[in-house]
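Colleague: Right, I'll just put the structure down here and ask away after.
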Amino acid sequence: MALPLFPPRGAQGADDLRVPGASGVRIVQVALPLPLEAPLDYLAPPALAPDAQPGRRVLVPLETRRVTGVVVAVRDAPPEGSPGGLRPILRVVDTEPVISAELLSVLRELADQLLCPVGIALAAALPPGSAAQGRRTLSLTARGREALLRGAVRGPAQALLERLSRAPRSAGRGGAVRSREGQQALVRELERDGLIVRGRSEGATALAPRTVRWIALAPGVDGGTEAARLARAPRQAALLRHLEESGASPWEDLSRRFPGARALVRALRARGFVHEEEKTCEPLSLGSLLEKGGAGEGAPPELTAAQAAALRPIAQAVHGRRFERFLLHGVTGSGKTEVYLRAIAEALSAGRTALVLVPEITLTHQLLARLRGRFGDALAILHSGLRARERLAQWQRLRAGATPIALGARSALFAPLENLGLIVIDEEHDSAYKNEEGFRYHARDLAAARARSAGCPVVLGSATPALESRFAAERGEITRLVLPHRIAGRPLPAVEIVDLARERASAPRGRKLILSAPLRRALAETLAEGGQALLLLNRRGFSTRIFCFECGHAERCKHCEISLVYHAREHELRCHYCGYSITPPEACSGCGAPDTALLGIGTERLEEEVRAQFPKARTARLDRDTARRRGATETLLRDLREGALDVVVGTQMLAKGHDFPGVRLVGVVAADLALHLPDFRAAERTFQLLTQVAGRAGRGETPGRVVIQSFVPDHYAIRPVQQHDYERFYAEEIAHRAALRYPPCGRLAVAVVSGSDAGPAEEGARRLADAARAALLHHGSEAGETQGNALEVLGPAPAPLSRLRDRYRFQLLLRTASEALLLRAARALVRESTRLPSSLRTTVDVDPMNML
């Protein structure tokens, strides 16, 4: 996070607005969504002071611009008058807090621990669609309103004025007027006549519910009597009778029922018979966003002894209003979801609310079906797959207390749930729970902070827990609950590991080995028996690179230090980091030789191979490229669940907790793809991915099988998958971590300095390293560090991805067993980063999940 400091609090700016000392003036601290060292002080004049409360947004001046921030604290101004130099807030945006006092306190504390400016942390918690947006507007003047009431305008001008009579509208695309020249001319003419005026909205808009226009009888008007007097205006009379019989009606209903309703309403309004009302829309219900069905799953299944034993302490913590962390460690298919559902029911029975997190949007649909089946539509969903209006509507349902359950991805942790009684984090090991931009929180940490504040338990569920969670359980910091067997006595799938080195040695020379003989045989047998298969290759595209056999040149991205990936469907080479793409060259761009080849394979190439070898199989692909289309992923997963597909080829999206009873075979085409990345978590992620995807097989009545292809079949991250032996892997991996003081046996922070030129970026990183070492020397005597908890400053050195988006990257690593030492050194990095040239960007990530 780059931290260039703006002027200190109370700094003078171009705006000369000042408030003289007066009774009722208060000082508010405002956190702005900018890399500032601390919230800024502003004055709240007497007229605004009562509404400028913590958790509400305010519009404030900052230098020469206006910015929307969140009030974090309020205090009385000194009795002698306003402090000199402070500037007043301009507007209070919200009528009630958008961030509760409890969540505000939690976020301020966590932001401090993660060295994140509190304004940026709070911006992450704001509801969707509420960001500040300055826009050009058109408004109706008093003269324009009078002309409309007198019927002095007709045609398009009348339609535009009627729209503006309800509220100011955007002057841009999709607003009050489109960009066609004739309509722009109309706006200029109405503006010249003084009927409308241009303006500009400032800052964010209040989170008011969406309103619609209703038409009602004016007070004291008898619709039937007045209709009888309108014998010469039968259509107006008919509309009056309708309002008399049906009451106030939405404008949309009237316009469908009565042709020319606009003119009829205008005439009746001029007679004083009707008036307009703005009514609040009910927030979109869950059912309006989803397909029908999914409710009423019947009586809950009887719990196994292990499930009942796991549920008992969770329920006790819920009813005892006690914060406690539980690790629900169950093999794939052991019934963890049923434990979640029972725990949610316990929270609801205690009059409390529940929050359920999943790592991927695709998983919300499966869990949502289970939740709706058990609890109906009394839940809200929050994830980026919804449109902004839909997400805001779901947020408003939660804020209004209309639903006690929230389901979503990482950002659902900011849901405005009151009286929180339970937080569930499904697939808690998934790296998607770490936010990698801005406010770099991990969902586990934020969930624990919210639960501690609310007095409720957190349930972390996984078949392959993160080493941090398993290690905490070993130390007694988390209560571990075990589900050792699949439900209904179903066996775990048999796993075969294929040595690709041996397969390649026996394969015909020159033939590209994609599907080994054991995997081809297993796939043929599965299809012949009517089963389904999943094939995992955690690399999208057709081929990883174009390689020249003459000079060894590989086509690379011009903006990043990375090879371009070939995508066959678009016939282009594409960078998966910045999006740069080119048409594949006819000859090597390094030496001009025509002898180039596609090396490596991706999901597109694997899909082609499956279609060639099994042409009758119904085959589909699931990766980020195919998932871009709205609804595409849900359609594919539904087809797989309903038996409309035979083989699905995909990336790690296939491994994420899906339940497909018809899948009998899982094939892993290249198990060791990520095993040799320069990341200390590479072995852990490989084991988790293989175990998770293996767990998709055999979840129905027929036992499953798994075929894993690897060049290092005896690696300690691969061999234990054969016996589904998490504990064996954990024992070896934790020993490696302890020896090197890597998490969870130590703490890390990573700083990355980037710039358009390598030299200044490297020098900036060196200055940060020197600052961290100097801070430790200065405080070394009082810290009392020993050899065991001393802090190491490693680097700087080029980052593994040394250039991204035309910026050279250098990183340094802080490593220690002491949290206090880590934060002291990291704060020194942040302070020094503010002194670096403005052309450099610095990010400091405490407890990083991505080392690239």
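Colleague: Within the range 698-708, how many residues turn out to be buried (at least 24 other Cβ atoms within 10 Å of the Cβ) and under 33 Å from the mean Cα position of the chain (by Cα)?
Modeller: Initial filter on the range 698-708 (buried (at least 24 other Cβ atoms within 10 Å of the Cβ)): 698, 704, 706-708.
Next, from what is left, pick out any that are under 33 Å from the mean Cα position of the chain (by Cα): 698, 706, 708.
So the count comes out to 3.
Colleague: What number of residues within the range 285-329 are modelled with pLDDT of 95 or more and either open to solvent by 70 Å² or more (accessible area, probe 1.4 Å) or under 22 Å from residue 688 (Cα atoms) (or both)?
Modeller: The total comes to 11.
Colleague: Would the range 397-415 turn up any residue that is over 24 Å from residue 846 (Cα atoms), among the hydrophobic types (A, V, I, L, M, F, W, C) and assigned to a helix (DSSP H, G or I)? Can you show your working first?
Modeller: Our first condition is that a residue be over 24 Å from residue 846 (Cα atoms); within the range 397-415, this holds for 397-408, 415.
Pick out the ones that are also among the hydrophobic types (A, V, I, L, M, F, W, C) and you get 398, 400, 402, 405-407, 415.
After this cut, where a residue has to be assigned to a helix (DSSP H, G or I) as well, the list is 398.
Yes - at least one qualifying residue is present in the range 397-415.
Colleague: Return yes when residue 398 is open to solvent by 40 Å² or more (accessible area, probe 1.4 Å), over 27 Å from residue 637 (Cα atoms) and in contact with a strand residue (DSSP E or B) (Cβ under 9 Å, 6 or more places away or on another chain) and no when it is not. Can you show your working first?
Modeller: On the way: open to solvent by 40 Å² or more (accessible area, probe 1.4 Å): no; over 27 Å from residue 637 (Cα atoms): yes; in contact with a strand residue (DSSP E or B) (Cβ under 9 Å, 6 or more places away or on another chain): yes.
In short, no.
Colleague: To continue, here is another question. Check every one of the strands (runs of 3 or more DSSP E) wholly within the range 31-117 and list those with 1 or more residues that are more than 25 Å from residue 415 (Cβ to Cβ), in contact with a strand residue (DSSP E or B) (Cβ under 8 Å, 6 or more places away or on another chain) and open to solvent by 40 Å² or more (accessible area, probe 1.4 Å). Before the answer, list the steps.
Modeller: Numbers: elements: 40-44, 57-62, 65-76.
Where strands (runs of 3 or more DSSP E) fall fully within the range 31-117 and carry at least 1 residues being more than 25 Å from residue 415 (Cβ to Cβ), in contact with a strand residue (DSSP E or B) (Cβ under 8 Å, 6 or more places away or on another chain) and open to solvent by 40 Å² or more (accessible area, probe 1.4 Å), they are 65-76.
Colleague: Give me the residue from the range 250-279 that is touching a helix residue (DSSP H, G or I) at 6+ places or on another chain (Cβ under 9 Å) and in a loop (DSSP other than H, G, I, E, B) and, out of that set, surrounded by the most Cβ atoms within 10 Å (Cβ to Cβ).
Modeller: Selected residue: 273.
Colleague: Something else about it: Would you check if there is a residue in the range 598-615 being in a loop (DSSP other than H, G, I, E, B) and farther than 23 Å from residue 522 by Cβ?
Modeller: Step one: of the range 598-615, the residues in a loop (DSSP other than H, G, I, E, B) are 600-602, 614-615.
Filter once more, keeping what is farther than 23 Å from residue 522 by Cβ: 600.
The answer is yes; a qualifying residue exists.
Colleague: Give the residue that is nearest to residue 622 (Cα to Cα), with candidates limited to residues of the range 342-359 that are open to solvent by 50 Å² or more (accessible area, probe 1.4 Å) and touching a residue at least 40 places away in the same chain (Cβ under 8 Å). Can you show your working first?
Modeller: Kept after step one, since they are open to solvent by 50 Å² or more (accessible area, probe 1.4 Å), are these residues of the range 342-359: 342, 346, 348-349, 351.
So of that shortlist, the ones also touching a residue at least 40 places away in the same chain (Cβ under 8 Å) come out as 342, 346, 348, 351.
Working: 342: 32, 346: 37, 348: 36, 351: 41 Å.
Residue satisfying both the conditions and the ranking: 342.
Colleague: Within the bounds of the range 449-456, is there any residue that is in contact with a Leu (Cβ under 6 Å, 6 or more places away or on another chain), at pLDDT 95 or above and outside any helix (DSSP H, G or I)? Working first, answer last.
Modeller: Step one: list which residues in the range 449-456 are in contact with a Leu (Cβ under 6 Å, 6 or more places away or on another chain), which gives 449, 454, 456.
Applying the additional criterion that residues be at pLDDT 95 or above yields 449, 454, 456.
Cutting the leftovers down to outside any helix (DSSP H, G or I) gives us 456.
There is at least one residue in the range 449-456 that is in contact with a Leu (Cβ under 6 Å, 6 or more places away or on another chain), at pLDDT 95 or above and outside any helix (DSSP H, G or I).
Colleague: So which residues in the range 684-697 are among the basic types (Lys, Arg) and open to solvent by 10 Å² or more (accessible area, probe 1.4 Å)?
Modeller: Answer for the range 684-697, where residues must be among the basic types (Lys, Arg) and open to solvent by 10 Å² or more (accessible area, probe 1.4 Å): just 685.
Colleague: Within the range 633-646, can you find the residues that are over 18 Å from residue 541 (Cα atoms) and either at pLDDT below 85 or not small (Gly, Ala, Ser) (or both)?
Modeller: Residues of the range 633-646 over 18 Å from residue 541 (Cα atoms): 634-646.
Result: 634, 635, 636, 637, 638, 639, 640, 641, 642, 645, 646.
Colleague: Then there is this: Please tell me if residue 781 is at pLDDT 90 or above, out of contact with any helix residue (DSSP H, G or I) (no Cβ under 6 Å at 6 or more places or on another chain) and open to solvent by 20 Å² or more (accessible area, probe 1.4 Å). Quick ask: steps written out before the conclusion?
Modeller: Numbers: at pLDDT 90 or above: no; out of contact with any helix residue (DSSP H, G or I) (no Cβ under 6 Å at 6 or more places or on another chain): yes; open to solvent by 20 Å² or more (accessible area, probe 1.4 Å): yes.
Against the criterion (at pLDDT 90 or above, out of contact with any helix residue (DSSP H, G or I) (no Cβ under 6 Å at 6 or more places or on another chain) and open to solvent by 20 Å² or more (accessible area, probe 1.4 Å)), residue 781 does not qualify.
Colleague: Residue by residue through the range 132-150, note down the ones that are outside any helix (DSSP H, G or I), small (Gly, Ala, Ser) and modelled with pLDDT of 75 or more.
Modeller: So in the range 132-150, the residues outside any helix (DSSP H, G or I) come out as 132-141.
Next, from what is left, pick out any that are small (Gly, Ala, Ser): 132, 134, 139.
The one that is outside any helix (DSSP H, G or I), small (Gly, Ala, Ser) and modelled with pLDDT of 75 or more: 139.
Colleague: Which condition breaks for residue 432 when tested against (1) open to solvent by less than 10 Å² (accessible area, probe 1.4 Å); (2) in a helix (DSSP H, G or I); (3) in contact with a Pro (Cβ under 9 Å, 6 or more places away or on another chain)?
Modeller: (1) is the only condition that residue 432 fails.
Colleague: Still on this model: Go through 627, 612, 620 for me and flag whichever is modelled with pLDDT of 85 or more and within 29 Å of the chain's Cα centre (by Cα). Step through it out loud before you land on a result.
Modeller: On the way: 627 fails: modelled with pLDDT of 85 or more; 612 fails: within 29 Å of the chain's Cα centre (by Cα).
Exactly one of 627, 612, 620 is modelled with pLDDT of 85 or more and within 29 Å of the chain's Cα centre (by Cα), namely 620.
Colleague: If you don't mind, another one. If a residue has to be modelled with pLDDT under 90 and not basic (Lys, Arg) to count, how many in the range 63-85 make the cut?
Modeller: Residues in the range 63-85 being modelled with pLDDT under 90 and not basic (Lys, Arg): 12 in total.
Colleague: A further question follows. Condition (residue is surrounded by 21 or more Cβ atoms within 10 Å (Cβ to Cβ) and at pLDDT 90 or above) applied to the range 785-792: is it met by at least one residue? Lay out the reasoning, then the answer.
Modeller: Start the filter on the range 785-792 by keeping residues that are surrounded by 21 or more Cβ atoms within 10 Å (Cβ to Cβ), which leaves 791.
Narrowing further to those that are at pLDDT 90 or above: none.
No; the residues of the range 785-792 include none that is surrounded by 21 or more Cβ atoms within 10 Å (Cβ to Cβ) and at pLDDT 90 or above.
Colleague: Just to be sure before I move on: is residue 332 outside any loop (DSSP other than H, G, I, E, B) and hydroxyl-bearing (Ser, Thr, Tyr) in the structure I sent?
Modeller: Details: outside any loop (DSSP other than H, G, I, E, B): no; hydroxyl-bearing (Ser, Thr, Tyr): yes.
The answer is no for residue 332.
Results for (1) more than 21 Å from residue 468 (Cβ to Cβ); (2) at pLDDT 95 or above, shown as yes or no for each residue.
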{"site": "678", "(1), (2)": "no, no"}
{"site": "681", "(1), (2)": "no, no"}
{"site": "687", "(1), (2)": "no, yes"}
{"site": "694", "(1), (2)": "yes, no"}
{"site": "710", "(1), (2)": "yes, no"}
{"site": "720", "(1), (2)": "no, yes"}
{"site": "734", "(1), (2)": "no, yes"}
{"site": "739", "(1), (2)": "no, no"}
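Colleague: Which of the residues belonging to the range 612-631 are farther than 23 Å from residue 579 by Cβ, free of Cβ contacts under 8 Å to residues at least 60 places away in the same chain and touching a strand residue (DSSP E or B) at 6+ places or on another chain (Cβ under 8 Å)?
Modeller: Passing the criteria: 618, 619, 620.
Colleague: Moving on. What's the number of the only condition in (1) in contact (Cβ under 8 Å) with a residue 40 or more places away in the chain; (2) within 27 Å of residue 105 (Cα to Cα); (3) among the polar types (S, T, N, Q) that residue 362 fails to meet?
Modeller: Evaluating residue 362 over (1) in contact (Cβ under 8 Å) with a residue 40 or more places away in the chain; (2) within 27 Å of residue 105 (Cα to Cα); (3) among the polar types (S, T, N, Q) leaves (2) as the failure.
Colleague: Can you name every residue in the range 706-735 that is of a type in the set (A, V, I, L, M, F, W, C) and assigned to a helix (DSSP H, G or I)?
Modeller: Narrowing the range 706-735 to residues of a type in the set (A, V, I, L, M, F, W, C): 706-708, 711-712, 717-718, 721, 729, 731, 734-735.
Within the range 706-735, 721, 729, 731, 734, 735 qualify.
Colleague: Would you check which residues across the range 478-489 are part of a loop (DSSP other than H, G, I, E, B) and either in contact with a strand residue (DSSP E or B) (Cβ under 7 Å, 6 or more places away or on another chain) or surrounded by 11 or more Cβ atoms within 10 Å (Cβ to Cβ) (or both) and list them? Lay out the reasoning, then the answer.
Modeller: Taking the range 478-489 as the starting set, the residues that turn out to be part of a loop (DSSP other than H, G, I, E, B) are 478, 484-486.
Those that are part of a loop (DSSP other than H, G, I, E, B) and either in contact with a strand residue (DSSP E or B) (Cβ under 7 Å, 6 or more places away or on another chain) or surrounded by 11 or more Cβ atoms within 10 Å (Cβ to Cβ) (or both): 478, 485, 486.
Colleague: Applying the selection to the range 453-464, what residues are polar (S, T, N, Q) and surrounded by fewer than 23 Cβ atoms within 10 Å (Cβ to Cβ)? If you could, list the steps in order and put the result at the bottom.
Modeller: Keep residues of the range 453-464 that are polar (S, T, N, Q), which gives 453, 462, 464.
Passing the criteria: only 453.
Colleague: Checking residue 565 against (1) in contact with a His (Cβ under 8 Å, 6 or more places away or on another chain); (2) open to solvent by 50 Å² or more (accessible area, probe 1.4 Å): exactly one of these is not met. Which one?
Modeller: Tallying (1) in contact with a His (Cβ under 8 Å, 6 or more places away or on another chain); (2) open to solvent by 50 Å² or more (accessible area, probe 1.4 Å), residue 565 fails exactly one: (2).
Colleague: State yes or no: is residue 617 surrounded by 17 or more Cβ atoms within 10 Å (Cβ to Cβ) and farther than 18 Å from residue 654 by Cα?
Modeller: Working: surrounded by 17 or more Cβ atoms within 10 Å (Cβ to Cβ): yes; farther than 18 Å from residue 654 by Cα: yes.
Considered against the rule, which asks whether it is surrounded by 17 or more Cβ atoms within 10 Å (Cβ to Cβ) and farther than 18 Å from residue 654 by Cα, residue 617 comes out as yes.
Colleague: Applying the selection to the range 521-557, what residues are open to solvent by 40 Å² or more (accessible area, probe 1.4 Å), charged (D, E, K, R) and at pLDDT below 80?
Modeller: 545, 550, listed by residue number.
Colleague: Same structure again: Got at least one residue in the range 465-475 being open to solvent by 10 Å² or more (accessible area, probe 1.4 Å) and either touching an Asp or Glu at 6+ places or on another chain (Cβ under 6 Å) or among the β-branched types (Val, Ile, Thr) (or both)?
Modeller: Taking every residue of the range 465-475 in turn, none turns out to be open to solvent by 10 Å² or more (accessible area, probe 1.4 Å) and either touching an Asp or Glu at 6+ places or on another chain (Cβ under 6 Å) or among the β-branched types (Val, Ile, Thr) (or both).
Colleague: Turning to a different aspect of this structure: Go through the residues of the range 659-676 one by one and say whether even a single one is surrounded by fewer than 16 Cβ atoms within 10 Å (Cβ to Cβ), in a helix (DSSP H, G or I) and at negative phi.
Modeller: Looking for residues that are surrounded by fewer than 16 Cβ atoms within 10 Å (Cβ to Cβ), in a helix (DSSP H, G or I) and at negative phi, one finds none in the range 659-676, hence no.
The values are calculated or read from the model by the stated rules, or taken from the named source; none is laboratory data. Here the structure is a predicted model, which is why all the values come from computation and not from measurement. Glycine gets a Cβ as well: all are built from the backbone with ideal geometry, and neighbour counts include every protein chain shown. All accessible areas refer to the heavy atoms of the entire protein, side chains included, with ligands and DNA or RNA removed. Shrake-Rupley method; radii C 1.70, N 1.55, O 1.52, S 1.80 Å.
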